[in-house]
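Below: one structure, written as C-alpha cells.
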Amino acid sequence: MDRSLYIGELPATGWHRHASPVLLIGLSGRFAIHLPDGRIETCRSALIDTGVEHVFDPRGERVALMYLEPDSIEARSLRARVLRDGPVIFDPAMLPVSRSHYESRLDAFDLSSLLRCFDAKEAPPLDARVARSLLSLRMPRDEPLARDDAASVAHLSASRFNHLFRDEMGISFRDYRIWTQIRSAIIGFRPDGSLTDAAMSGAFSDAAHFSRIFRQTFGMTPSSVLKPLKNITILR
C-alpha cells in the first residue's frame, strides 16, 4: 500500500510534521497553512514535503488529504520538483470544475490530472538495498524492526544504511518506521474496537504511546479522527 486518502471536514490541527509527502486540496474553498517562520498562507492546494512542521486550518471547508509513501512512483516523481521549488509548494493543483469529477480523480490517485506539473517518468529507481529493507519493515510484527536488523537485510553497516535510507526516502529510518507503525495501527482500527487494539496492531507499547505519536504526526488525537469514522477503506 503506497497511498492514503481522506476526504471530508476537519478541525484545525496543532503543529505537526508528516513522515510522507502530503497533497492538501480545498474542495469547497481556500484553507490556511501556518509555518514556523510566522507566515500564514491561504490557498486552494498545497504540496508539503516530508518533515515540514506546519498547522493545517481547513477553515470549515471540505478538504482532501492525500498521503504518498516516500518510495512510491508518485512521491519520487514529485521529489525533484519539491527539492527545486521548496519544501512547500502552494496551489500546485488544478482548480476543481466539478467536485464529483475531481473527487473521482482523487479516488483514482490520478496525479497527472490533478497537478499542473507531474510526470511519472521522472521517478528515479529505488535502490534495491533500501527496497529490501522496506519489505522487511512492512511485515507484520509484534515489535518494531530494529535499525541494525534493517541494515543487515540491506547488507550494509548501520551508519551506511542510515545515510542511504535518508538519501533514497527523504526521511530517516526511525521516522519512517514510526510512520509504518501508525499506518498499521490505522489499518488495525475498528470502529467498534478500542485504541488499545489499534496500538497493538502498530506495535506501539500502549494506547497512550500511539496517541502521542499520532498527534505529533497529524496534529490531532486518534480519537478525534478515527472514532467518528463508520468504516475505513484501505487501498492497496
222 nm [θ] for the chain, helices only, -39500 (n - 2.57) per DSSP H run of 4+, per residue, to 500? -11500 deg cm²/dmol
Over all Cα pairs of the range 1-143, the Kirkwood radius sets Rh, and Rg/Rh then becomes 0.98
Using a Gaussian network model of the chain whose springs link C-alpha atoms within less than 10 Å, name the residue from 157, 136, 184 with the highest mean-square fluctuation. 157
Quick test of the membrane-span-like rule: which DSSP H helices of the chain reach at least 18 Å along their long axis (C-alpha atoms) with mean Kyte hydropathy at least -1.0? 73-85, 173-188
What ranking of 195, 226 comes out by heavy-atom accessible area, probe 1.4 Å, highest first? 195, 226
For 198-204, 107-113, 48-54, ranked highest to lowest by mean beta-carbon neighbours within 10 Å, the order is 198-204, 48-54, 107-113
Rounded, prolate or oblate: which one fits the range 89-236, using the alpha carbon gyration tensor with axes a ≥ b ≥ c (rounded when a/c is under 1.5, else prolate when a/b beats b/c, else oblate)? oblate
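Relative contact order for the range 1-116 using alpha-carbon pairs under 8 Å, separation at least 6, rounded to a whole percent?
31
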Using mean Cβ contacts within 10 Å as the protection proxy, how do 144-150, 98-104, 20-26 order, highest first? 20-26, 144-150, 98-104
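Suppose every K and R has +1 on its Cβ and every D and E has -1 on its Cβ; what is the size of the dipole of the chain about the Cα centre, in Debye to the nearest 20? Each step should come with its number before you reach the end.
Details: 31 positive and 29 negative charges, 21 e Å.
So the dipole magnitude of the chain works out to roughly 100 debye.
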For the chain, calculate the relative contact order in percent as a whole number, restricting contacts to Cα pairs under 8 Å that are 6 or more residues apart. 20
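The values are calculated or read from the model by the stated rules, or taken from the named source; none is laboratory data. In this text, all values refer to a predicted model and were calculated from it rather than measured experimentally. Note that each Cβ is placed from the backbone with ideal geometry, even for glycine, and that neighbours are counted across all protein chains shown. Heavy atoms of the whole protein, side chains included, go into the accessibility calculation; ligands, DNA and RNA do not. Shrake-Rupley method; radii C 1.70, N 1.55, O 1.52, S 1.80 Å.
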